[in-house]
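The values are calculated or read from the model by the stated rules, or taken from the named source; none is laboratory data. Not measured: the values here are computed from a predicted model. Glycine gets a Cβ as well: all are built from the backbone with ideal geometry, and neighbour counts include every protein chain shown.
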Amino acid sequence: WESKSNVRTRHVPHKFLPRSIMSLSAPLVLHFRSPGSRLGALLICCQGFLITALPFSSVQALKATGLRTGDPRLKECMEMLKVTLKTTSDGALDRHLFKKCVQSNIVLLTQAFRKKFVIPDFQPFCAHMDELYDNAKNLSGGQVADYIPQLARFSPDLWAVALCTVDGQRHTVGDTKVPFCLQSCVKPLKYAIAVHDHGTEYVHRFIGKEPSGLRFNKLFLNEDDKPHNPMVNAGAIVCTSLIKVMNFMNKLAGNEYVGFSNATFQSERESGDRNFAIGYYLKEKKCFPEGTDMTAILDFYFQLCSIEVTCESASVMAATLANGGFCPITGERVLSPEAVRNTLSLMHSCGMYDFSGQFAFHVGLPAKSGVAGGILLVVPNVMGVMCWSPPLDKLGNSVRGIQFCTDLVSLFNFHNYDNLRHFAKKLDPRREGGDQRVKSVINLLFAAYTGDVSALRRFALSSMDMEQRDYDSRTALHVAAAEGHAEVVRFLLEACKVNPVPRDRWGNTPMDEAVHFGHHDVVTILRDYHTQYSPQETAANKENAEQNLDGLL
């Protein structure tokens, strides 16, 4: 379609990159910046398809996609590249050598640089995450857990967030390399392992599925004399009797850091009177499988709580749950789909101690907290996040972690019940920003061109920016004025409170368009509105746009 206002002869300069800038049939020579930094600037080009420039010295282009050079999936490429560069005398690769280096990982690299990952515009997304991190960092409330000395030693100023998407994109901010114990964050992981090993039916012969409505360490069972769920201490102790763990933990973390704090284990055992009481109560009620050594199981329970991770490795564990049981950085299936589905369901309903209902209501995502200050958060099919900050609120959840999770779903449409099609007030990082903006502008201007007020009303009610501009800086008001659609012009001015005097790239306003094409009724509407319009009041007027729209429905 073409607006009448585009009929005029215009000089529109076009800038483009000619294919002749590099002959793809000629030998491709890749020079590196210095002998000391032989992984200098590398141009990724394979089978005639130009991907991008990737400076390995600063790793900026690779980082921009969210991948890391240490990603296990890029291992062959990186090793081959280093070996090949050592064999060249001038620090350069021709086309043949380069293709040899990247051919084993070309699919992953192509996906990365063509923005085919779950979060295509990763850098802007990371910038938002950093802002959320900074907002939560300013909080100063809460108390560090002190029932054992190993927890009390942590500084209340420690604060870290790490994320890993289902495609292996990574971002970290804060104290993400400081090891800490999983504590209760291990509960959903060991439940997932139990279901993976034994199946849902067998596991739930011994453990229920309902929130208890009681403190996590209460000596209390359900009406069937079973622990209420695997997220409370009683359920976690029974769950411990069903599993073997450490190999699974390493696989969940993609072989990143998983350690063990023996000092924490000893302290937990020495101060674990209540858990021993729970253990004897469970034994009396015959909650354990036959032949279980209760004291050995309690030792194992304390050991699992003492497993150490960093925010970085724990984020991969969360991402494995988000990815249906496949570790995103190794590609290995670690858990069955059944185990993941059940685990996320229980995390959603029971994962945040006595705050579980509030968290499900406000955040709407599966999560599990622990007294060390960790919150393991899962955005299904998108990413896993680990937040860690030792100060806890009165319910035992990280103060900064709760704030971060709440802000996350306020900014992005990650809540389980956010409408992904019509809730335009929230950002959707799963969509490529450029494509969405282009479609949005096309739809808006086409509706103005055809005089479709009902479509414009839908756009406005879904919080679309009604002042968006095309490549010539023309707005919907320009197009409507040029076409003579008086109702559209009135709707944009009175209901949407758009600027009546925007200028396009040639300095033309909507009034100029209406005058040029002889639409006198539109000229009258614009002139009347000009007399009332004050640029300083625009922001205040826009706050009332929704009421104005309601009045025109």
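Within the range 498-553, the residues that satisfy the criterion of being surrounded by 11 or more Cβ atoms within 10 Å (Cβ to Cβ), under 14 Å from residue 460 (Cα atoms), at pLDDT below 90 and not polar (S, T, N, Q) are 542, 545, 546, 549, 552.
Residues are listed down the side, and each one gets a yes or a no for (1) out of contact with any Asp or Glu (no Cβ under 9 Å at 6 or more places or on another chain); (2) under 20 Å from residue 394 (Cβ atoms); (3) basic (Lys, Arg):
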site: 120; (1), (2), (3): no, no, no
site: 135; (1), (2), (3): no, no, no
site: 141; (1), (2), (3): no, yes, no
site: 144; (1), (2), (3): yes, yes, no
site: 152; (1), (2), (3): no, yes, no
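In the range 483-531, the qualifying residues are those that are in a loop (DSSP other than H, G, I, E, B) and hydrophobic (A, V, I, L, M, F, W, C), and the one that is farthest from the chain's Cα centre (by Cα) is 517.
Is it the case, given these coordinates, that residue 371 is farther than 17 Å from residue 212 by Cα and part of a helix (DSSP H, G or I)? Considered against the rule, which asks whether it is farther than 17 Å from residue 212 by Cα and part of a helix (DSSP H, G or I), residue 371 comes out as no.
Can you name every residue in the range 139-174 that is within 24 Å of the chain's Cα centre (by Cα), surrounded by fewer than 21 Cβ atoms within 10 Å (Cβ to Cβ) and of a type in the set (S, T, N, Q)? Lay out the reasoning, then the answer.
Filtering the range 139-174 down to residues within 24 Å of the chain's Cα centre (by Cα) leaves 139, 158-174.
This time we only want the ones that are surrounded by fewer than 21 Cβ atoms within 10 Å (Cβ to Cβ), so: 139, 158, 172-173.
172 - this is the single residue of the range 139-174 that is within 24 Å of the chain's Cα centre (by Cα), surrounded by fewer than 21 Cβ atoms within 10 Å (Cβ to Cβ) and of a type in the set (S, T, N, Q).
In this structure, is residue 212 under 35 Å from the mean Cα position of the chain (by Cα) and either over 26 Å from residue 309 (Cβ atoms) or among the aromatic types (Phe, Trp, Tyr) (or both)? So residue 212 passes the test. Scanning the range 233-292 for residues that are loosely packed, with under 15 Cβ neighbours inside 10 Å and aliphatic (A, V, I, L, M), which turns out farthest from the chain's Cα centre (by Cα)? Applying the filter and picking the extreme gives 277.
Tally up the residues in the range 294-312 that are outside any helix (DSSP H, G or I) and in contact with an Asp or Glu (Cβ under 9 Å, 6 or more places away or on another chain), please.
Pass one, the range 294-312, residues outside any helix (DSSP H, G or I): 306-310.
Those still in the list that are in contact with an Asp or Glu (Cβ under 9 Å, 6 or more places away or on another chain) too: 306, 309-310.
Matching residues across the range 294-312 total 3.
From the residues in the range 160-184 that are among the polar types (S, T, N, Q) and part of a strand (DSSP E or B), which one is nearest to residue 136 (Cα to Cα)? Selected residue: 172.
Mind listing just one residue for me: the one in the range 253-278 that is outside any loop (DSSP other than H, G, I, E, B) and in contact with a Phe, Trp or Tyr (Cβ under 8 Å, 6 or more places away or on another chain) and, of those, nearest to residue 371 (Cα to Cα)?
The initial filter retains those residues of the range 253-278 that are outside any loop (DSSP other than H, G, I, E, B), namely 258-260, 262-270, 273-278.
Of the ones still in play, those that are also in contact with a Phe, Trp or Tyr (Cβ under 8 Å, 6 or more places away or on another chain) are 265, 268-269, 275.
On the way: 265: 14, 268: 12, 269: 16, 275: 15 Å.
It comes out as 268.
Selection of helices (runs of 4 or more DSSP H) fully inside the range 47-147 by the criterion of at least 3 residues being at pLDDT below 90 returns 60-65, 75-87, 95-102, 106-113.
The single residue among 438, 409 that is assigned to a helix (DSSP H, G or I), without any contact (Cβ under 8 Å) to a residue 12 or more places away in the chain and either buried (at least 16 other Cβ atoms within 10 Å of the Cβ) or not small (Gly, Ala, Ser) (or both) turns out to be 438.
Just checking, which of 356, 315 is under 23 Å from the mean Cα position of the chain (by Cα), part of a helix (DSSP H, G or I) and either at pLDDT below 95 or not assigned by the TED database to the domain that holds residue 212 (or both)?
The unique qualifying residue is 356.
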